[in-house]
Amino acid sequence: MNLKKYPEARANFLKCTDRNEVFPGFLKRIFKYSSFQSLLDINAGDDSSAMFLSKMVTKYVPVDSIAEASCFRNGTFNVVIVQSLPTAIESRMLLTEEVRRLIADGGRLIVMTLNGEHGRWHDLLIESDLDQLSEEYKPETPRVFLGRNFGTAVEERVLTHIESSNMGEVQKALAFVYSDKDERRFDRFMSSRGAYDYLIREFWRDERSGLIRFPLEYNWFVIIR
């Protein structure tokens, strides 16, 4: 983890996002007609999604990274959830190898990614020249990557919001999303005049609630192995 400011930045993000209320409802639909014994939650957080998932299976294992799951035997888990798809080639290949090894036959792979192909998040990055994920490498889209490595996925979009009465908190929460746990990317977003100007122009306080609300749409991919 490169982001030294990670604990504070993550705490601010969790304070501003409504995903902890939105995601459990979506996950409940996935588990409604299925019974699973074991679940590996990669890039798990201390939020209500983790609390919800821990009640749905007999064995719930949250880890911060796929490397922490290397101690488990092949086919250990009925469900593997990836709450953030890495952008680096090496990290994606490690994730692919380990998920293939750990997931049981007939199990489910569930991957959550931020929708950067259109919408307000896409517009913000384009207008502020922050759209390149890295200087050297632009990865495959999640849909292409997952299809090539794991098979056809059922895809669903889930809308969340970053919400606060303080523009600084909104900006920092979005910088956390953009950072991909890299402090340089976090600082780049925070210092971007284009990003700040876009937020000021497009998202000021609602007259009734006094809140600034920025929409973030996530794509959830479900694959049966």
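The values are calculated or read from the model by the stated rules, or taken from the named source; none is laboratory data. No experiment lies behind these values; they were computed from the predicted model shown. Neighbour counts run over all protein chains shown; Cβ positions are idealised from the backbone, glycine included.
Some notes on this structure:
- So residue 85, is it touching a residue at least 60 places away in the same chain (Cβ under 8 Å) and touching a Pro at 6+ places or on another chain (Cβ under 7 Å): yes
- Taken residue by residue, the stretch 53-67 has at least one member that is at pLDDT 85 or above, basic (Lys, Arg) and within 23 Å of residue 32 (Cα to Cα).
Residue by residue, here is whether (1) under 25 Å from residue 8 (Cβ atoms); (2) not aliphatic (A, V, I, L, M) holds:
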| residue | (1), (2) |
| --- | --- |
| 188 | yes, yes |
| 201 | no, yes |
| 208 | no, yes |
| 212 | yes, no |
| 216 | yes, no |
| 220 | no, yes |
| 225 | no, yes |
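- Taking the conditions (1) closer than 20 Å to residue 5 by Cβ; (2) more than 18 Å from the chain's Cα centre (by Cα); (3) basic (Lys, Arg) in turn, residue 181 satisfies each one other than (2).
Yes/no matrix, rows are residues, columns are (1) outside any helix (DSSP H, G or I); (2) not hydroxyl-bearing (Ser, Thr, Tyr):
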| position | (1), (2) |
| --- | --- |
| 68 | no, yes |
| 72 | yes, yes |
| 75 | yes, yes |
| 78 | yes, yes |
| 81 | yes, yes |
| 87 | yes, no |
| 93 | no, yes |
| 96 | no, no |
| 99 | no, yes |
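- Single condition residue 40 does not satisfy, out of (1) farther than 26 Å from residue 140 by Cβ; (2) outside any helix (DSSP H, G or I); (3) in contact (Cβ under 8 Å) with a residue 60 or more places away in the chain: (1)
- The requirement of being modelled with pLDDT of 95 or more, surrounded by 13 or more Cβ atoms within 10 Å (Cβ to Cβ) and hydroxyl-bearing (Ser, Thr, Tyr) is not satisfied by residue 128.
- Matching residues, the stretch 11-32, being assigned to a helix (DSSP H, G or I), within 26 Å of residue 175 (Cβ to Cβ) and touching a residue at least 12 places away in the same chain (Cβ under 8 Å): 12, 13, 14, 15, 16, 19, 20, 21, 22, 23, 24, 26
- Qualifying positions in the stretch 196-215 - in contact with a Phe, Trp or Tyr (Cβ under 6 Å, 6 or more places away or on another chain) and in contact (Cβ under 8 Å) with a residue 60 or more places away in the chain: 214
- Residue in the stretch 142-154 that is nearest to the chain's Cα centre (by Cα), counting only those that are touching a residue at least 12 places away in the same chain (Cβ under 8 Å) and loosely packed, with under 14 Cβ neighbours inside 10 Å: 154
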